[in-house]
Structures are given as C-alpha cells and as structure tokens.
Amino acid sequence: MTSTTDEPDPQAAQETRRANLLAYYDAESADRARRPIPDWRTAAQRKYLARLTDERRRTVLEIGCGPGRDGQVIAAAGFEYTGTDLSPGMVEVARAAGLDARVASATDLPFADHSFDAAWSMSTLMHLDDTELDQALAEVTRVLVPGGLFAVGMWGGAELTVGHLAEPGQDYGPPRYFHRRTDAVVRERLGERGDIETWWTRPSGPGSSHRYQYAVVRSLSVSGG
C-alpha cells in the first residue's frame, strides 16, 4: 500500500471520506468474503468468545462486520449476533451468509441503551477522525450493558499518521482514509470509556512501526459524550 499523503488533511470533508469508504468497500465486498483471517486474529477471537461464555454473555454486536466472516464464527458459537457496517455491499454479503446485519454508522448506532452484552470491532475505527472516534466509543458504551465487554482492534503506529491509502493494482475504488494513532493515544481514548483488561500490539512485519492494536475494555457506565 502507498500513501497519497502522510500529513493531516483538515480539508477532507467527512461526507467525502465516507463516500470514498463506501465506494471502496462496496466494490471489495465479494473478494473480502473469500480472504482468510490471520491466525493471530482468529486466536484473539477464540479467547474473547471463551471469555464471553464464561461470563454467560448472550448478545454480541459487531461494528464493521464486513462480509460476516467474524460474525459467522460468533453466531456459530451460540451467541445472539447483530452486525453493522457502513457499506451496503458488505451488509448484503453478510445477510446472504445468514447473519442479522444492517447498514449503520459506528457514530450513530440504531439501538437502544443497554441492548448488548458485548461488542466486537476489528479494523474499523482507524477509519474515523478524532471527533468520530469519540462519538463511536460513546455509542458503544451507550448500547452496552454496564460491565459489558468491548473487543476492539485497529491499525496504529509508533507515530500519528493521517492520510489516504491507495492499493496499487486494485480496482476497488478511491483511496481510503486512515487515522493511525499511537498506543498511548488509543489507550487513553479507550480508558475514558472503561477499564482496559487486555492490551497487546503486533507489528505488521519485522522491524515495522506499523502495528495492530488490540484491547478488551469493560464498560463502566452509560455515557452520552
């Protein structure tokens, strides 16, 4: 992947960024459904679902469900699953797989307070700017029961990097917006919404400062801000 810009772009309008993400992921939906999930992420999911089972959690919301690869595993494990995604194309593929999925933004979840015991969101929230991230985390906190668990993973880095990434040779659509935050920033934002009970990072490759950040957060209370 190459970056069209490595500098913050305050001129990029929210609606333009969303439109670009929609165009990209709608076009990619079928291919992504066939793409394997890395073993390290599968292991994290297995451990998380075991934890939910031990705590007798029943309902799980996925934010950024994509074509439903994670959702199928969650549902097969016996949980009441609901998926959301900004991309109608992704939601259509997830529904074709038999999942309860609907089009919705992470910043405006169409559910009542305390609707879910747990939430799962992988490789989604790094597409949000700082204001949108705060809105999304507030929404997750709102729809979770107090004490509910939220597993979140996103791509970050040793330094803040904001820009639009293009994949040479891919015809999926316009460059996607990425907001790659440092570990300290992610931990601070998540810590405002609950207790971080699990935290690890994984480099994308040997010697790379680009890393995957994973956390499990226990929600403390409902927050509207």
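The values are calculated or read from the model by the stated rules, or taken from the named source; none is laboratory data. All of these numbers come straight from a predicted model, not from anything done at the bench. Counting neighbours? That spans all protein chains shown, and the Cβs are built from the backbone with ideal geometry, glycine included. We work out accessible area using only protein heavy atoms, side chains counted, and drop any ligands, DNA or RNA first. Shrake-Rupley method; radii C 1.70, N 1.55, O 1.52, S 1.80 Å.
Quick notes on this structure:
- Exclusive hit being part of a strand (DSSP E or B), among the charged types (D, E, K, R) and at pLDDT 95 or above, set Glu197, Glu188: Glu197
- Residue pairs meeting the criteria (Cβ under 6 Å; at least 6 apart or on separate chains; first closer than 12 Å to Glu28 by Cα, in the range 169-184; second at pLDDT 85 or above and open to solvent by 50 Å² or more (accessible area, probe 1.4 Å)): Tyr172/Ala27; Gly173/Ala27
- Members of the range 45-66 that are more than 21 Å from Trp200 (Cα to Cα), more than 13 Å from the chain's Cα centre (by Cα) and of a type outside the set (Val, Ile, Thr): Asp54, Glu55, Arg56, Arg57, Arg58
- Test set (1) within 28 Å of Gln14 (Cβ to Cβ); (2) open to solvent by less than 10 Å² (accessible area, probe 1.4 Å) - Ala118 fails condition number: (1)
- Residue check for Val162: β-branched (Val, Ile, Thr), in contact with a Phe, Trp or Tyr (Cβ under 6 Å, 6 or more places away or on another chain), surrounded by 16 or more Cβ atoms within 10 Å (Cβ to Cβ) and under 28 Å from Thr16 (Cβ atoms): no
- Given (1) in a helix (DSSP H, G or I); (2) more than 11 Å from the chain's Cα centre (by Cα), number of the condition Met126 does not satisfy: (2)
- Scan of the range 94-111 for residues that are charged (D, E, K, R) and over 19 Å from Val152 (Cα atoms), ordered by number: Arg95, Asp100, Arg102
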